[in-house]
Amino acid sequence: EVQLVESGGGLVQAGGSLRLSCAASGFTFDDYAIGWLRQAPGKEREGVSCIRVSDGSTYYATSVKGRFTISSDNVKNTVYLQMNSLKPEDTAVYYCAAQKSFCPGVSRYRHWGQGTQVTVSS
């Protein structure tokens, strides 16, 4: 079965860093795009970043560009989100999700993880 498991969330001060991990199993990793999405209290879910595993092409939301970096380890079938210079407005539940072939819009990922909480204090 397809499984995505996030880890690495926690509490951090503004300006600090966290690295989130998404461990994937149950599908051909190289055939998929893996995205990170987040949902803050009272707000809609938004796309943060995405990587097309086959060629390493990436997408970043404007709000995180230059601060966050997505990467993949194709041996471990794991995607990472390195988050630097964190701001209180980054506080949200972060999800990883997978869709075959290309990075989709936020509503079109086929498979989802359970989410991990990131809280940034001011």
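The values are calculated or read from the model by the stated rules, or taken from the named source; none is laboratory data. Quick caveat: nothing in here was measured; it's all calculated off a predicted structure. FYI the Cβ positions are ideal-geometry reconstructions off the backbone, even for glycines, and counts take in every protein chain you see. When the accessible area is computed, the model is the full protein with side chains, heavy atoms only, and any ligands, DNA or RNA have been set aside. Shrake-Rupley method; radii C 1.70, N 1.55, O 1.52, S 1.80 Å.
Quick notes
- Taking the Cα centre of the chain as reference, the dipole from Cβ charges on Lys and Arg (+1) and Asp and Glu (-1) amounts to some 220 debye.
- FRET efficiency, GLN114 to ARG67 (Cβ-Cβ, R0 25 Å, nearest 0.05): 0.55
- The chain: most fluctuating residue of GLY47, GLY35, GLY105 per GNM, C-alpha cutoff 10 Å: GLY105
- Per atom type, the stretch 11-108 shows carbon and sulfur on 46% of its accessible surface, probed at 1.4 Å.
- Calculated accessible area for the chain comes out at 51 Å² per residue, all protein chains present (probe 1.4 Å; ligands, DNA, RNA ignored).
- GNM remark for the chain: springs join alpha carbons under 10 Å apart, and the peak mean-square fluctuation among TYR80, TYR94, TYR32 falls on TYR32.
- Label-point separation, GLU46 to LEU11 (7 Å along Cα→Cβ), nm: 2.5
- For the stretch 23-89, dividing the convex hull volume of the Cα atoms by the residue count gives 100 Å³ per residue.
- For the chain, averaging the sequence separation of C-alpha pairs within contact (under 8 Å, six or more residues apart) and dividing by the residue count gives a relative contact order of 36 percent.
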